[in-house]
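Worksheet: the structure to be examined is printed underneath.
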Amino acid sequence: MLKDIRQADETEITSFVRAQGEKPFRGRQIMEWLWKNGVTDFDRMSNLPARLRESLKEHFTLSGLLIKTEQISRDKTRKFGFQCHDGLLVEGVLIPSQGRVTACLSSQVGCPLNCSFCATARLETRRNLSVGEIFDQVVLLQDASQKTFGTRLSNLVFMGMGEPLLNYENVMNAISHMASENGLGISPRRITLSTVGLTKGIIRLAHDKVKFNLAISLHSANDEKRNSLMPVNKSNPLPALTDALKLFYQETHTRITYEYLLMKDFNDSLRDATELADFCKITPCKINLIEYNEVAGSTHQKTTPERLQAFMEFLESKNLIVNIRRSRGQDIDAACGQLACKSG
Ligand code: SF4
């Protein structure tokens, strides 16, 4: 089987080029086509000799994601269904807001973690996305953002389908090409990886001293409640998460974001807010309170505006930074926790 060229690094590509009797600088040119220009067709590498393009085709594969579907929400959020080379589908979302456009990216086809509030969890888990497939989402969404909103992407968030820390190498590799000056040149400060809180992965991020932002899908600062929402909490309970986050902050000095979906009579009381405020003391942080989107098969419901207000005011009284995230793209199932490739 031929190797995906986007799984090869510059050293490997340059030695391939040399073995073909070409000058080593051709390796850099190929890297630029792949990661700066985002081409997914060897024939578009127009400054390479034709014989080198032919050898590349004989030795490597290069297949890009294709936009299969596009849905537009009343609030202008756009959801894209991307088709992989093997026919599997993943989703990405463009969210315009106040002159900025955020791209929400997927890291896996399906997800094995089974969070009770998430539509992706209802899908069969198929596989990790490759480096190229993760990267292509940004190239395609960048293009769509420019065509539709006349502006480049302001932020990238890994909050689509899948748990990014279960696909650690490919996600990290793709982010490095997104952030590199030899790639898309997007500042890591504009990139956020969101995780359910896999402690081993967070420790690895800390040791790798990553420059991008980390968000934790927390949703409760109580182990019992969190166990019922997210089975993964049983093996990654809050004390272990606390230690991992302290290490992350110590190594990166990056403020942590907590995502908190407010669910009626489940995690929206002042007692829940007190537990959250205590948990949040561990490092500098900010909290995003998110409107819950009802998902088929889940018994949870959205909280009331009054309880949301009281919850927020309590946290603010504890000097915490709190934002309310209104749900976007709900009518096309593009909102948080709703991605399930229904359109495909
Ligand atoms: S919320 Fe994230 S980690 Fe949980 S099942 Fe959905 S995609 Fe997986």
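The values are calculated or read from the model by the stated rules, or taken from the named source; none is laboratory data. All of these numbers come straight from a predicted model, not from anything done at the bench. Glycine also receives a Cβ, built like all others from the backbone with ideal geometry; neighbour counts cover every protein chain displayed. Quick note on the areas: whole protein, heavy atoms, side chains included, nothing else; ligands and nucleic acids left out. Shrake-Rupley method; radii C 1.70, N 1.55, O 1.52, S 1.80 Å.
Look at the range 108-121: where a residue is more than 8 Å from the ligand (Cβ to nearest atom) and a partner is open to solvent by 20 Å² or more (accessible area, probe 1.4 Å), sitting 6+ places away or on another chain with Cβ atoms under 6 Å, you get V109/L88; V109/R126; V109/R127; G110/L123; G110/E124; G110/T125; G110/R126; S116/S298.
Residues checked against (1) exposed (fewer than 15 other Cβ atoms within 10 Å of the Cβ); (2) outside any loop (DSSP other than H, G, I, E, B):
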| residue | (1), (2) |
| --- | --- |
| T40 | no, no |
| K76 | no, no |
| F80 | no, yes |
| D86 | yes, no |
| I95 | no, yes |
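For the range 144-188, the set of residues classified as within 14 Å of the ligand (Cβ to nearest atom) and open to solvent by 50 Å² or more (accessible area, probe 1.4 Å) consists of M159, L166, listed by residue number. Checking E54, E58, E32 one by one, the residue that is touching a residue at least 60 places away in the same chain (Cβ under 8 Å), surrounded by fewer than 18 Cβ atoms within 10 Å (Cβ to Cβ), outside any loop (DSSP other than H, G, I, E, B) and out of contact with any helix residue (DSSP H, G or I) (no Cβ under 7 Å at 6 or more places or on another chain) is E32 and no other. When T257, T242, T274 are checked against the criterion of being in contact (Cβ under 8 Å) with a residue 12 or more places away in the chain and either among the acidic types (D, E) or touching a strand residue (DSSP E or B) at 6+ places or on another chain (Cβ under 9 Å) (or both), T257 stands alone in meeting it. In the set (1) open to solvent by less than 20 Å² (accessible area, probe 1.4 Å); (2) over 21 Å from L62 (Cα atoms), the condition left unmet by D136 is number (2). Just so you know, in the range 189-211 the residues that are hydrophobic (A, V, I, L, M, F, W, C) and in a strand (DSSP E or B) include one that is farthest from the ligand (Cβ to nearest atom), and it is I191. For the range 287-304, the criterion of being assigned by TED's automatic domain parsing to the domain that holds L193, in a helix (DSSP H, G or I) and surrounded by fewer than 17 Cβ atoms within 10 Å (Cβ to Cβ) is satisfied by no residue at all. Quick check on the range 227-253: of everything there that is touching a helix residue (DSSP H, G or I) at 6+ places or on another chain (Cβ under 8 Å) and assigned to a loop (DSSP other than H, G, I, E, B), which residue is farthest from L198 (Cα to Cα)? Here the answer is P237. Cβ-Cβ distances below 6 Å connect the following pairs, each with a first residue in the range 283-311 that is within 17 Å of G329 (Cβ to Cβ), a second residue that is assigned to a helix (DSSP H, G or I), and a separation of six or more residues or different chains: N293/Q330.
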